[in-house]
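Report on one structure; see the data block that follows.
FYI, it's all coordinate maths here, none of it is from the lab. Computed from a predicted structure; not experimentally measured. Cβ placement follows ideal geometry from the backbone for every residue including glycine, while neighbour counts extend to all protein chains displayed.
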Amino acid sequence: MAKLKAGLIQMALKGDTSMSPEAIRDAMLEAHLPLIDEAGRQGVQVLCFQEVFTQPYFCPSQDGKWYAAAEAIPDGHTTRLMQEYAKKHGMVIVVPIYEEEMTGVYYNTAAVIDGDGAYLGKYRKTHIPHVAGFWEKFFFKPGASDWPVFETGACRLGVYICYDRHFPEGWRALALKGAEYIVNPSATVAGLSEYLWKLEQPASAVANGVYIGAINRVGTEAPWNIGEFYGQSYFANPRGQIEAEASRDRDELLVHVMDMEMVREVRNTWQFFRDRRPETYDVLLDLN
């Protein structure tokens, strides 16, 4: 496909963290649905939300209350609802939510739904940080999803989630398995990561000859107040250029048309896949 119209939704928390996880989920879904419908009206073919989009970024706490935010995939409320909206608009939707596999086993996951409403599968966040303000191992088991690439009706799609973006191996695995467009739903705050936000993902787009859609939430979230979620969701092309960018501080649907022929053009110009030397990389597996 020569052209691909994609959308990213960034959003501040609706309600507050004193509410139940179910009430926050309902408030976040209510806020997203008009933007999903707007994406449909604009002809968006692939839509993605921010990391754990139905909830606050609760990982500054170590509060077991938030285990109640986890849902089954694909049989939970949010995934089923997004299947209805995907079918309504003929639109691929990437749905990043907190997943319950079973009681006590939870993942940071993104479900992928095709434009006919069919559930295609999921990606579970592979790299889980555990530092002050980001106590993610309290909430998430590391995923081992084998780098799935989803053959959607719109494109060959890969998913990486937030902290994953610091690790080049996953980008490369997704590209080698055929991804042309990779989304990275995130929750990242101002500070050291803001400089990296516009460095790492464009660089990964270049290294792998792919388009990348990077999504971040906006605002601050009490009572943790770990910093400002600075938005600036964007699309980076295979040359590493940011082609479209959202605001720093507003709820926003960012829609952009990507020229997918650039994937072929860049890969034929920069022959990184041809010139790889995987037979020399065994030492990487030994350097633990």
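For each pair in Lys14/Lys65; Lys88/Lys141; Lys125/Lys177, compute the distance between the two Cα atoms and list the pairs where it is over 29 Å. Don't jump to the answer; show the numbers that get you there.
Working: Lys14/Lys65 18 Å; Lys88/Lys141 33 Å; Lys125/Lys177 17 Å.
With Cα atoms farther than 29 Å apart: Lys88/Lys141.
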What aspartates and glutamates could a cross-link reach from Lys87, if we take a straight Cα to Cα line under 20 Å and drop same-chain neighbours fewer than 8 places away?
Glu30, Asp37, Glu38, Asp75, Asp114, Asp116, Glu151
Along the Cα→Cβ direction, 7 angstrom out, place labels at Ser145 and Asp275. What is the inter-label distance in nm?
3.1 nm
Bin width 10 Å, origin at 0, all Cα-Cα pairs of the range 1-112: what percent of pairs per bin?
14, 47, 29, 9, 1
Contour minus end-to-end for Glu22 and Glu243, with contour as 0.36 nm per residue of separation and end-to-end as the Cα-Cα distance?
75.9 nm
Helical mean residue ellipticity (222 nm; -39500 (n - 2.57) per DSSP H run of 4+; nearest 500) of the chain:
-7500 deg cm²/dmol
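Only bridges with both residues in the chain count here: give the DSSP antiparallel percent, nearest 5.
Bridges in the chain that DSSP calls antiparallel: roughly 70 percent.
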